[in-house]
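Colleague: This structure is in structure tokens; I'll ask about it shortly.
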Amino acid sequence: QVHLVESGGGLVQTGGSLRLSCAASGRTFSTYAMAWFRQAPGKEREFVGAISTNGYSTNYADSVKGRFTISRDNARNTVYLQMISLKPEDTAVYYCAADGDFWRLARGVSTYWGQGTQVTVSS
């Protein structure tokens, strides 16, 4: 069982930056691939990016490539999403996810989900 808690969301202006954090419970964090998803009002949840168990591999949605960076600290049981050059279309609730399979996450499937943190980008 993995319990995920996101933090770091908020209101930011266009072009600004935010760093989201996702703290995971349990002793097996390093065995899970991690990912971030987001869901904007009236839209389906979409994949943002994923990171492998050791952090060596990452995968991003085209819409965020070059602007968002996922990293993890297995010693702190935490995964991060650094977001720069934010746009109004990045406004969404951002969710952290954990799964044993990196590519399942990239397909939008996950075993564990956090409750989400709101990111709002004003124009």
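The values are calculated or read from the model by the stated rules, or taken from the named source; none is laboratory data. Quick caveat, the model's predicted, so the values are computed rather than measured. FYI the Cβ positions are ideal-geometry reconstructions off the backbone, even for glycines, and counts take in every protein chain you see. For the accessible areas, the whole protein counts, side chains as well, though only heavy atoms, and no ligand, DNA or RNA atoms are used. Shrake-Rupley method; radii C 1.70, N 1.55, O 1.52, S 1.80 Å.
Colleague: Would you pick out the residues in segment 44-71 that are among the polar types (S, T, N, Q), within 15 Å of Met83 (Cβ to Cβ) and touching a strand residue (DSSP E or B) at 6+ places or on another chain (Cβ under 7 Å)? Spell out how you get there, then give the answer.
Modeller: From segment 44-71, those among the polar types (S, T, N, Q) are 52-54, 57-59, 63, 69, 71; that's our starting set.
The next check asks that each one be within 15 Å of Met83 (Cβ to Cβ); those that pass are 58, 63, 69, 71.
Passing the criteria: Thr58, Thr69, Ser71.
Colleague: Out of curiosity, is Arg45 of a type outside the set (Phe, Trp, Tyr), open to solvent by 40 Å² or more (accessible area, probe 1.4 Å) and more than 14 Å from the chain's Cα centre (by Cα)?
Modeller: On the way: of a type outside the set (Phe, Trp, Tyr): yes; open to solvent by 40 Å² or more (accessible area, probe 1.4 Å): yes; more than 14 Å from the chain's Cα centre (by Cα): no.
For Arg45, the condition - of a type outside the set (Phe, Trp, Tyr), open to solvent by 40 Å² or more (accessible area, probe 1.4 Å) and more than 14 Å from the chain's Cα centre (by Cα) - is not met.
Colleague: Modelled with pLDDT under 95, assigned to a loop (DSSP other than H, G, I, E, B) and open to solvent by less than 40 Å² (accessible area, probe 1.4 Å), is that true of Val64? Walk me through it before giving the result.
Modeller: Numbers: modelled with pLDDT under 95: no; assigned to a loop (DSSP other than H, G, I, E, B): yes; open to solvent by less than 40 Å² (accessible area, probe 1.4 Å): yes.
Spelling it out, it is not the case that Val64 is modelled with pLDDT under 95, assigned to a loop (DSSP other than H, G, I, E, B) and open to solvent by less than 40 Å² (accessible area, probe 1.4 Å).
Colleague: Do we find a residue being on the phi > 0 side of the Ramachandran plot and either of a type in the set (Ser, Thr, Tyr) or assigned to a strand (DSSP E or B) (or both) anywhere in segment 93-113?
Modeller: Our first condition is that a residue be on the phi > 0 side of the Ramachandran plot; within segment 93-113, this holds for 108.
Then drop every residue that is not either of a type in the set (Ser, Thr, Tyr) or assigned to a strand (DSSP E or B) (or both), which leaves none.
No, there is no match, as no residue in segment 93-113 is on the phi > 0 side of the Ramachandran plot and either of a type in the set (Ser, Thr, Tyr) or assigned to a strand (DSSP E or B) (or both).
Colleague: Filtering segment 102-123 down to residues that are in contact with a Ser or Thr (Cβ under 9 Å, 6 or more places away or on another chain) and more than 16 Å from His3 (Cβ to Cβ), which residue is most open to solvent (accessible area, probe 1.4 Å)? Can you show your working first?
Modeller: So the first thing to find is which residues in segment 102-123 are in contact with a Ser or Thr (Cβ under 9 Å, 6 or more places away or on another chain), and the list is 102, 104, 117-123.
If we keep only those that are more than 16 Å from His3 (Cβ to Cβ) too, we end up with 102, 104, 118-123.
On the way: Phe102: 27, Arg104: 75, Gln118: 89, Val119: 0, Thr120: 47, Val121: 9, Ser122: 41, Ser123: 137 Å².
By that ranking, first place goes to Ser123.
Colleague: Can Thr53 be described as β-branched (Val, Ile, Thr), open to solvent by 30 Å² or more (accessible area, probe 1.4 Å), touching a residue at least 24 places away in the same chain (Cβ under 8 Å) and more than 13 Å from Ala106 (Cα to Cα)? Please lay out each step first, then the result.
Modeller: Working: β-branched (Val, Ile, Thr): yes; open to solvent by 30 Å² or more (accessible area, probe 1.4 Å): yes; touching a residue at least 24 places away in the same chain (Cβ under 8 Å): yes; more than 13 Å from Ala106 (Cα to Cα): yes.
Yes: the conditions hold for Thr53.
Colleague: Looking at Thr91, is it over 16 Å from Gln1 (Cα atoms), open to solvent by less than 70 Å² (accessible area, probe 1.4 Å) and touching a Leu at 6+ places or on another chain (Cβ under 6 Å)? Steps first, answer last, please.
Modeller: Numbers: over 16 Å from Gln1 (Cα atoms): yes; open to solvent by less than 70 Å² (accessible area, probe 1.4 Å): yes; touching a Leu at 6+ places or on another chain (Cβ under 6 Å): no.
In short, no.
Colleague: Scanning segment 11-36 for residues that are exposed (fewer than 13 other Cβ atoms within 10 Å of the Cβ) and in a strand (DSSP E or B), which turns out nearest to the chain's Cα centre (by Cα)?
Modeller: It comes out as Leu11.
Colleague: Could you list all residues from segment 67-87 that are open to solvent by less than 50 Å² (accessible area, probe 1.4 Å) and in contact with a Ser or Thr (Cβ under 8 Å, 6 or more places away or on another chain)?
Modeller: Matches in segment 67-87: Arg67, Ile70, Arg72, Asn77, Thr78, Val79, Tyr80, Leu81, Met83, Leu86.
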